[in-house]
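Taking it in order: structure first as structure tokens, then the write-up.
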Amino acid sequence: MPKEKNYNPVQEAKKAEKAKQIRKQKATLQTQRNEKLARRNPNRIQRDIDSLKELDQNGSIRPHERQRLQELEKDLAAVNKARAALGDKAPVFKPERRFDDENRGERGGRGDFRGGRGGRGGVLGKRTRDGQRKEEDSSDTDANVRDIPMPRDTP
């Protein structure tokens, strides 16, 4: 059997090394893609799908929303597949919170759901809606100082 004239073992080794490196890069890209998909919340995607299907049943769905529904269904399948591939490493999401009267007991019984860090529940907590200050806010001032009129924009 005649020997090939243009066979170079060094070039063959480099070609094999490059192919191995490309396979490794593709595998890392796939794992990164799976991890990114697994970080998405399937419950939220399912909720969006349900709302769009409800629109579809009512007959008031637009072509753009129908396309979005198909994309969301594909995304949900991909997310579930990625979460199954990760197994125990897949992140666990908190249960969905609903802001209605049923959950008021677990939120401390407050009527407003504005959040924030303050104990009063307001954004800054300086004044109420009608512009008057709460009595508990100015309790550290003396009675004679409290009667001095202040400009409205002064905190």
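All of the numbers you see were taken from the coordinates with simple rules; none came from a lab. Because the structure is predicted, anything quoted here is derived from the model rather than measured.
Assorted remarks:
- Over 20 Å (Cα to Cα) - which of K36/K81; K36/K94; K74/K94; K15/K36; K53/K81; K36/K74 fall in this group: K74/K94; K15/K36; K53/K81
- Given their separation in residues at 0.36 nm each and the Cα-Cα distance between them, K3 and A77 gain 21.3 nm when the chain is fully extended.
- log₁₀ of I(q)/I(0) at q = 0.11, 0.16, 0.18, 0.22 Å⁻¹ - segment 9-85, Debye sum with one point per alpha carbon: -0.47, -0.69, -0.77, -0.93
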